[in-house]
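None of the figures in this text is laboratory data; all of them are computed from the coordinates on show. The model shown is predicted, which means the values in this text are computed figures rather than measured ones.
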Amino acid sequence: MAWGFTGCYEDKGDYDYRELAHATIGNVKAQYGASVGDTVIIKPEITFDIETKVGLKYEWSVELDSVFSREK
């Protein structure tokens with residue numbers, strides 16, 4: 001009898017979905033060469049496939065172990 005009641009249960013879940021923006025990073029080479037003491041300046045271009053108003057956070061690192069900037 002309990003199974004019969006669950007079959008008629010109306011799902012009241014949260015179905016307010018929104019599309020996520022996909023980022024594309026351009027103006028970056030796959031590899032850069034530098035010697036000790038050299039300064040490497042990279043200015044990536046980040047674009048999104050849809051307009052987004054969400055606050056973004058940036059984090060730049062080398063080898064994913066040392067964050068050197070959180071600026072855009």
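At-a-glance table
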item	result
Karplus-derived 3J(HN,Hα), 6.51/-1.76/1.60, for each residue of region 17-24, Hz, glycine and proline x	7, 9, 6, 8, 7, 9, 8, 10
Candidate lysines for bridging to Lys57, where Cα separation is under 16 Å - those fewer than 8 sequence places away on the same chain excluded	Lys72
Vicinal HN-Hα couplings computed from phi for region 60-72 (Karplus, 6.51 cos²θ - 1.76 cosθ + 1.60; Hz; Gly/Pro x)	10, 9, 10, 6, 6, 10, 9, 6, 10, 6, 10, 8, 5
